[in-house]
């Protein structure tokens, strides 16, 4: 199956700093990428949908100025958590879709963000 | 709106026991259905899928059948192993360009 690589897998940052998470599709072109957030022992909450070359579409309640998403190429999308605070600590997961017909979504390994 | 409902966990079983995790859905149109598995500290892995009614997805001894009449996609395994301990997510996909819709997840714990 297709491979989605997400980095870093774990990051610890100080409160007030920004953190960038990368999501790369290694062997296919991902026209659409999705960013999810997962709280402990809970399901995945969709944060935003990004299409290559256009602005991301954010779900209701997600601060677009805090969670900056860039999808500049067909193989790379980034999520930047700006001015991070302890409540932003979470598990972030990206997934990529291949074109208009998605028969499955391919997921990155996830990033455990801890803000201290 | 479209949604997925999974049975509440945790599910605790002994090795070699039979597993069923119930999943029902609500969707317009004809969704594709998926089961994903998440091991501790890791991302999601596709376990199996079915794209139309009466399809059976299977992988690693797990099976699920797409039942349109009952809007269900229950996950089953005849004999679980300790290594099957993980969180299982049922999901559906409805439309091109949209994200998967996930159930809340069911934690499975298998003891030897």
Based on what the data block shows, is residue A:113 modelled with pLDDT of 85 or more, in contact with a helix residue (DSSP H, G or I) (Cβ under 8 Å, 6 or more places away or on another chain) and assigned to a strand (DSSP E or B)?
-> yes
Is the range A:11-31 home to any residue that is part of a strand (DSSP E or B), modelled with pLDDT of 95 or more and surrounded by fewer than 13 Cβ atoms within 10 Å (Cβ to Cβ)?
-> yes
Residues in the range A:90-106 that are modelled with pLDDT under 90, in a strand (DSSP E or B) and more than 9 Å from chain B (Cβ to nearest Cβ): how many?
-> 1
Would you pick out the residues in the range A:12-51 that are over 14 Å from the mean Cα position of the chain (by Cα) and farther than 24 Å from residue B:106 by Cβ?
-> A:12, A:13, A:14, A:15, A:16, A:17, A:18, A:26, A:27, A:28, A:29, A:31
Counting just the residues of the range A:40-62 that are assigned to a loop (DSSP other than H, G, I, E, B) and at pLDDT 85 or above, which one comes out nearest to the other protein chains (Cβ to nearest Cβ)?
-> A:59
(1) modelled with pLDDT under 95; (2) in contact with a strand residue (DSSP E or B) (Cβ under 8 Å, 6 or more places away or on another chain); (3) surrounded by fewer than 16 Cβ atoms within 10 Å (Cβ to Cβ); (4) over 24 Å from residue A:45 (Cβ atoms): which one isn't true of residue B:30, the others all being true?
-> (2)
Wholly within the range B:14-112, which strands (runs of 3 or more DSSP E) include no fewer than the required count, namely at least 1 residues that are free of Cβ contacts under 8 Å to residues at least 40 places away in the same chain and within 11 Å of chain A (Cβ to nearest Cβ)?
-> B:44-50, B:56-59
Can you run down the residue pairs with Cβ atoms below 7 Å, 6 or more apart or on separate chains, where the first is in the range A:1-27 and within 11 Å of chain B (Cβ to nearest Cβ) and over 30 Å from residue B:49 (Cβ atoms) and the partner is part of a strand (DSSP E or B) and modelled with pLDDT of 95 or more?
-> none
Output for the range A:64-81, where each listed residue is within 18 Å of residue A:38 (Cα to Cα) and either modelled with pLDDT of 95 or more or surrounded by 15 or more Cβ atoms within 10 Å (Cβ to Cβ) (or both) | A:66, A:67, A:68, A:69, A:78, A:79, A:80, A:81
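The values are calculated or read from the model by the stated rules, or taken from the named source; none is laboratory data. In this text the structure is predicted, and so the values were computed from the model without any measurement. FYI the Cβ positions are ideal-geometry reconstructions off the backbone, even for glycines, and counts take in every protein chain you see.
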